[in-house]
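Student: Following this message is one structure expressed as C-alpha cells.
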Amino acid sequence: MQDVTNQLANAQVIEIWVTGPDGANRMFVCSGFWPYGWGGGTVQTKETFTFHVGPSLGRREFIRACCAAGPTGVFGNSAQGSAQVSSSDADWDDEDGRVQVTLELQSSGSWGIYGFHYNVTILAEKARL
C-alpha cells in the first residue's frame, strides 16, 4: 500500500456542530483530490492507496467515518478496457490519530485514471470548549 497523503491537492475540511448518534457532537466533511495519472499499462493492474484526512482524534473521540471516491477522469486508447476505483473504506488509524482512507484502484487494457476525488464524513465526540 502506498500512502499518498502528501500528494493530495485542494484538501478541505468543514467542521459542523451536530447532535448525532452515539454522543456525536461534531461532523467533519473532508474533500479534495489526488492529481496523479495511474494505470495505462497493457495488463490488468490493481493497486491499493491510503491517505489520512481530518483532524487528529483520540480513540474515545472517533465514532465512525464513511467515504466515497471516484476517478477525476479516465484515459485509454482501445475499445476494450476499464479503469475505476473498485473499493473505498475510511476508519480511524490508531498510529496516526486521524482517519485513514483506503482505496483500491483497478485498470485493464491500456486504460487508466487521471487521479481521484474523495469525500469523507467523520462523526466525533469532542469536548466542548
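Quick note: the coordinates plus some simple rules give every number you see, no bench work behind them. None of these values were measured; they are calculated from a predicted model. As a convention, Cβ positions derive from the backbone with ideal geometry for all residues, glycine included, and neighbour counts pool all protein chains shown.
Student: Using θ = phi - 60° and the Karplus form 6.51 cos²θ - 1.76 cosθ + 1.60, what ³J(HN,Hα) does each residue of segment 102-110 get, whole Hz, x for Gly and Pro?
Tutor: Computed from phi, the couplings for segment 102-110 are 10, 10, 10, 9, 9, 9, 9, x, 9 Hz.
Student: How large is the direction-averaged shadow of the alpha-carbon convex hull of segment 9-72, in nm²?
Tutor: The number I arrive at for segment 9-72 is 5.9 nm².
Student: Which shape class, rounded, prolate or oblate, goes with segment 36-106 when its Cα gyration tensor gives a ≥ b ≥ c as root eigenvalues, a/c under 1.5 marks rounded, and past that a/b bigger than b/c marks prolate?
Tutor: Prolate, because a/c is 1.5 or more and a/b exceeds b/c.
Student: Relative contact order for segment 2-124: what percent, with Cα pairs under 8 Å and sequence separation of 6 or more?
Tutor: Here the relative contact order equals 36 percent.
Student: Amide H of residue 26: which non-local residues (sequence gap of 5 or more, or other chain) have their own amide H closer than 5 Å, using H built in the peptide plane?
Tutor: Distant-sequence amide H within range of residue 26: 18, 124, 126.
Student: Going by average Cβ neighbours within 10 Å, how do the peptides 13-20, 24-31, 55-62 rank, with the highest at the top?
Tutor: The densest-packed peptide leads the list: 24-31, 55-62, 13-20.
Student: For segment 2-124, take the alpha-carbon Rg, divide it by the Kirkwood Rh, and send me Rg/Rh.
Tutor: 1.06
Student: Can you tell me the dipole magnitude for the chain around its Cα centre, using point charges on the Cβ only (Lys, Arg +1; Asp, Glu -1), in Debye to the nearest 20?
Tutor: 280
Student: Using packing as a proxy for protection, rank 101-110, 70-79, 45-54 so that the peptide with the highest average count of other Cβ atoms within 10 Å comes first.
Tutor: Top of the packing list down: 101-110, 45-54, 70-79.
Student: List every residue whose amide H lies under 5 Å from the amide H of residue 57, counting only residues 5 or more places away in sequence or on a different chain, with H placed 1.01 Å from N in the peptide plane.
Tutor: Those lying under 5 Å, H to H, from residue 57 are 98.
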